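The values are calculated or read from the model by the stated rules, or taken from the named source; none is laboratory data. What you are looking at is a predicted structure, and each value in this text was computed from that prediction instead of being measured. Cβ placement follows ideal geometry from the backbone for every residue including glycine, while neighbour counts extend to all protein chains displayed.
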Amino acid sequence: MRRFDLIVVGAGPSGLSAAIEAAKRGMDVVVFDENEKPGGQLFKQIHKFFGSKEHKAKIRGFKIGEDLLKEADAEGVKVVLNATVCGMYQDKEITVRIHDEIHHFKGDSILIATGASENMVTFPGWTLPGVIGAGAAQTMMNLHGVKPGSRVLMLGSGNVGLVVSFQLMQCGCEVVGLVDAAPRVGGYGVHAAKVARTGVPFYLSHTIVKAEGDTHVTGVTIAEVDSSFQFIEGTEKHFDVDTICLAVGLSPMSQLLKMAGCKMEDNPKRGGQVPVCDEYGRTSIPGVFVAGDVSGIEEASSAMIEGRMAGIAAAEYLGFIEKEELDESLKTLDAALDGLRQGMFAPKNRGKRIEKTDEGIPISTNLLKKGYVADDEIERFPGVIRKAGIHPVMECTQNIPCNPCQDACPKKCIKIGANITSLPAVDTEATCVGCGMCVAACSGQAIFLVDETYEEGFASITLPYEFLPLPAVGDKGIALGRDGRKVCDAEIVSVKSSPAFDKTHLLTMKVPSEYVMKARFFKKHSGDMSRRK
């Protein structure tokens, strides 16, 4: 039986982060993962992360995964793939199926970072081919290059549903609607807004009645629900689709911990049945640690910090470092994690109905109900100003942990301050040079450069664009508003791509001056682009 100082189960963001920190402190570490590729969910995540520099903000998930793997290899971490841990016992022994053989390993400490599995909902036809989880859709698109379908309906308006809806469109799918039984959008407003302005309608307080088709999905019917989540007769809506994508939450994969005898609890705020543990991942069994979604559903940025904490705690448990080093290291990580757990979407605010921002500004009710901020609401926010010359317009309207725009601007036109969740504001005394770095850096694609005096009678709007093929200078089309409806005719006057933009292209379109604060997306002429009723 092979023995290790630390056995990590799960080669995702939290598991790899824990393994790296433990190995840095001299521990002999092995990581087992049942998949054929390491990195967990990171390699599905082609969007840019939120947070600040220490949280790897504005870096795409797959690049973070690549960096973690390189660091793990450099520290001597052994990663074993296609290795399913099928048993874990109280004396910190595990059984692992590798190929067709069962192997036994002993750990002086064990860290479980198995993540979470997708939830499903049942409805007539839910077992038809074409009904898939959002994670499965991401795997098909971003790992295997397979288009999940042509016409897709998304169920779920949390961050996963919003992000995957956008990625489905990037893949070439048509998203016919985004549906949620809840009366409010569950994820970040900036994620909802970038989906809504492409023309995807939101159906809040709706859910699926049935999937249609004999051998595969050919259509879907949804209907409005009342406050008791019962269907309202006469509100049915039908869509011809070949794919129904479900993003209805995650459940921690905590079975190994329960098997080993760890004290467990049912905690809805953390996603379901989770181990009882302290803030550094120590469970009720000495030497058994947890990190990431297995201990409570959060974002990958939080999972990486939790992994680092647990890896350092394991090193102290086995005597590889002194408690003073543990305390000093955890102090810095505590601060980084605390920054991510502030604002409207903080764990402590789950289930709360928040009506105002931290600055006292009323939340956009339209954003919560329809996915976009209404024209008569947008100018109440500090990032949205009117002034002569080119300047940024930041349509970030919720207190989320993110500040790359502040660091990206070379002229310091953007200010957020020390509190990472503060709404961005424009420094009217600073001079914008129109470089576009803030537009490219914004993880939520919520920043635009506006020049209200581009030429007589016309204004220009520079917007982030992550679809292919790219429009070309001279292309004529229509400008869509925040709601995805046609605002006016538009012409592309500039297309900028740069390695510094990290695949976020900058389109500049010319529109009549009166539409400068309404036009937010560009589509080439191809008939009626609006699908809204």
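Before we move on, is SER530 in contact with a Lys or Arg (Cβ under 6 Å, 6 or more places away or on another chain), at pLDDT below 95, among the hydroxyl-bearing types (Ser, Thr, Tyr) and not in a strand (DSSP E or B)? In short, yes.
When every residue of the range 428-436 is checked against the conditions, none turns out to be assigned by TED's automatic domain parsing to the domain that holds ASN399 and in contact with an Asp or Glu (Cβ under 6 Å, 6 or more places away or on another chain). Of the residues ILE285, ILE312, ILE305, the single one that is of a type in the set (A, V, I, L, M, F, W, C), outside any strand (DSSP E or B), surrounded by fewer than 24 Cβ atoms within 10 Å (Cβ to Cβ) and touching a residue at least 24 places away in the same chain (Cβ under 8 Å) is ILE285. When the range 229-250 is limited to residues that are outside any loop (DSSP other than H, G, I, E, B) and touching a helix residue (DSSP H, G or I) at 6+ places or on another chain (Cβ under 9 Å), the one that is nearest to GLU118 (Cα to Cα) turns out to be LEU250. Checking each residue in the range 131-182 for being β-branched (Val, Ile, Thr) and surrounded by 22 or more Cβ atoms within 10 Å (Cβ to Cβ) picks out VAL131, VAL152, VAL160, VAL163, VAL164, VAL175, VAL179. Out of curiosity, is ASP483 charged (D, E, K, R) and in a strand (DSSP E or B)? Judged against the criteria, ASP483 is not a match. Take the conditions (1) modelled with pLDDT under 95; (2) surrounded by 14 or more Cβ atoms within 10 Å (Cβ to Cβ); ASP100 misses just one of them, which is (2). The residue that is surrounded by the most Cβ atoms within 10 Å (Cβ to Cβ), among those in the range 451-468 that are at pLDDT 95 or above and under 27 Å from the mean Cα position of the chain (by Cα), is ILE461. How many of the residues in the range 88-135 are touching a His at 6+ places or on another chain (Cβ under 7 Å) and among the acidic types (Asp, Glu)? Number of matching residues: 1. Here is a check on your reading of the model: is SER295 over 13 Å from ALA22 (Cα atoms), in the same structural domain as SER254 (by TED's automatic domain parsing) and in contact (Cβ under 8 Å) with a residue 60 or more places away in the chain? No: the conditions fail for SER295. For the range 436-446, the criterion of being closer than 27 Å to LYS415 by Cβ and part of a strand (DSSP E or B) is met by none of the residues.
Results for (1) more than 19 Å from GLY61 (Cβ to Cβ); (2) in contact with a strand residue (DSSP E or B) (Cβ under 9 Å, 6 or more places away or on another chain), shown as yes or no for each residue.
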position	(1), (2)
PRO124	yes, yes
PRO129	yes, no
GLY149	yes, yes
SER165	no, yes
ALA196	yes, yes
ILE208	yes, yes
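Restricting to the range 346-371, count the residues that are surrounded by 13 or more Cβ atoms within 10 Å (Cβ to Cβ) and either in contact with a Ser or Thr (Cβ under 9 Å, 6 or more places away or on another chain) or more than 25 Å from VAL200 (Cβ to Cβ) (or both).
Qualifying residue count for the region: 11.
In this entry, ALA136 passes the filter for residues that are over 22 Å from ALA196 (Cα atoms) and free of Cβ contacts under 8 Å to residues at least 40 places away in the same chain.
Remark: pairs (first residue in the range 429-441, over 18 Å from PHE50 (Cα atoms); second residue in a helix (DSSP H, G or I); Cβ separation under 8 Å; 6+ apart in sequence or on different chains) = GLY436/PHE501. Going by the structure shown, is ALA336 touching a residue at least 40 places away in the same chain (Cβ under 8 Å), touching an Asp or Glu at 6+ places or on another chain (Cβ under 7 Å) and either within 30 Å of ILE110 (Cα to Cα) or in a helix (DSSP H, G or I) (or both)? Taking the combined requirement at face value, the residue satisfies it.
For the range 407-425, the criterion of a residue being surrounded by 15 or more Cβ atoms within 10 Å (Cβ to Cβ) and within 19 Å of TYR515 (Cβ to Cβ) is satisfied by no position. Out of curiosity, is ALA11 of a type outside the set (S, T, N, Q), in a loop (DSSP other than H, G, I, E, B) and surrounded by 24 or more Cβ atoms within 10 Å (Cβ to Cβ)? Answer is yes for this residue. With respect to MET88, determine if the residue is in contact with a helix residue (DSSP H, G or I) (Cβ under 9 Å, 6 or more places away or on another chain), closer than 15 Å to ASP33 by Cα and surrounded by 14 or more Cβ atoms within 10 Å (Cβ to Cβ). Judged against the criteria, MET88 is a match.
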